[in-house]
Amino acid sequence: MSEMHSEWLQLEQGLRAWYARPGSAGPHPGVVIFIEAFGVNSHFQDVAERFAKAGYCAIVPDIYHGKVYAYSDFEHAIGHLKTLKDDMVMQEAGQAIAELQKRSEVHSDAIGAIGFCMGGRFAFMANAVHADKLGAAVAFYGAGIAPDQDSVGRRPLLDLVDRMRAPLLLLYGADDTSITPEEHGRIATALSTAKKRYTLTLFPGAPHGFFADPRDSYRPEAAAEGWRLTLDHFSHYLGRPA
């Protein structure tokens, strides 16, 4: 499936979102995409369009409200990340989910969430906060889920695990210095203890940010396999795209 359409949508309360959908009428499964710390840049517009070409209606809530930072501008990106409030991001995620649910081309009972880095943490969180609306979740190197001490002061999320319903796919790079093997263990222990359905997979030789092709951290083989695993996860739990 190659034909698709993409555009900015204006949601309520000043929130906008990038939206990409297949060219056919559907209904198609939907995906909410949570960004890295750099804003809804051309990479995330492209990720949404890749999902649309794969048969999904994909929405990227602009939780940075128009701000975009270059990948080299780590200082200002992290500065913006520190201003985010979890409750507000989850409210905006709820708006994005509601937008998908009301659209005729979306199968309202087949919506998943995915996030990368900062957004991986938000996908993990949404899987609990919006448990009644999500059928699957994926987190690529979700930073700040269960650190000993988070470098930017975010609270750990393991207390949310009991509320999760949807199967979770967690992807990490073995060379990610910001997320340790001990953190993988804490997350796995919490999910296993709560008897949740999850998969945690590790890519040798891959650093943090291995999926993002504009970044120096990009690793094509790990990114390609991570994408395949993501599509397999979503098609299994949300239903195969038409």
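Test of understanding: among Ala113, Ala77, which residue is crowded, with 19+ Cβ neighbours inside 10 Å and either under 16 Å from the mean Cα position of the chain (by Cα) or among the acidic types (Asp, Glu) (or both)? Before you say what the answer is, go through the steps one by one.
On the way: Ala77 fails: either under 16 Å from the mean Cα position of the chain (by Cα) or among the acidic types (Asp, Glu) (or both).
Answer to the check: Ala113.
Of all residues in the range 10-45, count the ones that are more than 25 Å from Ser235 (Cβ to Cβ), surrounded by fewer than 22 Cβ atoms within 10 Å (Cβ to Cβ) and not polar (S, T, N, Q).
Matching residues across the range 10-45 total 6.
Based on what the data block shows, is Val60 of a type in the set (Val, Ile, Thr) and part of a strand (DSSP E or B)? Step through it out loud before you land on a result.
On the way: of a type in the set (Val, Ile, Thr): yes; part of a strand (DSSP E or B): yes.
Yes.
Answer with yes or no whether Asp175 is within 21 Å of Ala212 (Cα to Cα) and charged (D, E, K, R).
Numbers: within 21 Å of Ala212 (Cα to Cα): yes; charged (D, E, K, R): yes.
For Asp175, the condition - within 21 Å of Ala212 (Cα to Cα) and charged (D, E, K, R) - is met.
What pairs can you find where one residue is in the range 205-225 and closer than 17 Å to Ile33 by Cα, the other is loosely packed, with under 13 Cβ neighbours inside 10 Å and among the small types (Gly, Ala, Ser), and their Cβ atoms are less than 6 Å apart, with a gap of 6+ or different chains?
Sorted first by the residue in the range 205-225, then by its partner, the list stays empty.
May I ask you to say which residue of Leu157, Leu171, Leu100 is in contact with a Cys (Cβ under 7 Å, 6 or more places away or on another chain) and either more than 15 Å from Ile35 (Cβ to Cβ) or of a type in the set (A, V, I, L, M, F, W, C) (or both)?
Details: Leu157 fails: in contact with a Cys (Cβ under 7 Å, 6 or more places away or on another chain); Leu171 fails: in contact with a Cys (Cβ under 7 Å, 6 or more places away or on another chain).
Of the residues listed, the single one that is in contact with a Cys (Cβ under 7 Å, 6 or more places away or on another chain) and either more than 15 Å from Ile35 (Cβ to Cβ) or of a type in the set (A, V, I, L, M, F, W, C) (or both) is Leu100.
Within the range 65-85, is even one residue in contact with a Gly (Cβ under 6 Å, 6 or more places away or on another chain), farther than 25 Å from Ile179 by Cα and of a type in the set (D, E, K, R)?
Yes: the range 65-85 contains one or more residues that are in contact with a Gly (Cβ under 6 Å, 6 or more places away or on another chain), farther than 25 Å from Ile179 by Cα and of a type in the set (D, E, K, R).
List the number of the failed condition for Ala206; all other conditions in (1) crowded, with 21+ Cβ neighbours inside 10 Å; (2) in a loop (DSSP other than H, G, I, E, B); (3) within 17 Å of the chain's Cα centre (by Cα) hold.
(3)
Mind telling me which of the residues Ala190, Ala212, Ala194 ends up being touching a Cys at 6+ places or on another chain (Cβ under 9 Å) and either within 30 Å of Ala70 (Cβ to Cβ) or of a type in the set (A, V, I, L, M, F, W, C) (or both)? Working first, answer last.
Values: Ala190 fails: touching a Cys at 6+ places or on another chain (Cβ under 9 Å); Ala194 fails: touching a Cys at 6+ places or on another chain (Cβ under 9 Å).
Going through Ala190, Ala212, Ala194 in turn, just one is touching a Cys at 6+ places or on another chain (Cβ under 9 Å) and either within 30 Å of Ala70 (Cβ to Cβ) or of a type in the set (A, V, I, L, M, F, W, C) (or both): Ala212.
Can you tell me how many residues in the range 14-57 are touching a helix residue (DSSP H, G or I) at 6+ places or on another chain (Cβ under 7 Å) and modelled with pLDDT under 95?
Total satisfying the criteria: 0.
Of the residues Arg165, Arg155, which is surrounded by fewer than 24 Cβ atoms within 10 Å (Cβ to Cβ) and farther than 20 Å from Ala98 by Cβ? Please lay out each step first, then the result.
Values: Arg165 fails: farther than 20 Å from Ala98 by Cβ.
Result of the check over Arg165, Arg155: Arg155.
I need the full set of residues from the range 106-156 which are assigned to a strand (DSSP E or B) and either of a type in the set (Val, Ile, Thr) or over 17 Å from Leu231 (Cα atoms) (or both), in order please. Steps first, answer last, please.
Looking only at the range 106-156, we keep the residues that are assigned to a strand (DSSP E or B), and these are 106-116, 136-140.
Residues satisfying the conditions are Val106, Ser108, Asp109, Ile111, Ile114, Val138.
Within the range 228-239, is even one residue within 30 Å of Gly26 (Cβ to Cβ), touching a Phe, Trp or Tyr at 6+ places or on another chain (Cβ under 8 Å), part of a helix (DSSP H, G or I) and acidic (Asp, Glu)?
No - not one qualifying residue is present in the range 228-239.
Does Ala48 satisfy the condition of being touching a Gly at 6+ places or on another chain (Cβ under 9 Å), surrounded by 17 or more Cβ atoms within 10 Å (Cβ to Cβ) and not in a strand (DSSP E or B)?
On the way: touching a Gly at 6+ places or on another chain (Cβ under 9 Å): no; surrounded by 17 or more Cβ atoms within 10 Å (Cβ to Cβ): yes; not in a strand (DSSP E or B): yes.
In short, no.
Failed condition for Asp213, given (1) over 23 Å from Val40 (Cα atoms); (2) part of a loop (DSSP other than H, G, I, E, B), with all others met?
Status for Asp213: all satisfied but (1).
So, in the range 209-242, of the ones that are of a type in the set (Lys, Arg) and exposed (fewer than 15 other Cβ atoms within 10 Å of the Cβ), which residue ends up farthest from Lys133 (Cα to Cα)?
Here the answer is Arg228.
Please go through the range 168-192 and give me each residue that is crowded, with 21+ Cβ neighbours inside 10 Å and among the charged types (D, E, K, R), ordered by number.
Result: Asp176, single match.
The values are calculated or read from the model by the stated rules, or taken from the named source; none is laboratory data. The structure displayed is predicted, hence computed values, not measured ones. Cβ sites come from the backbone with ideal geometry, for glycine too, and all protein chains shown count toward neighbours.
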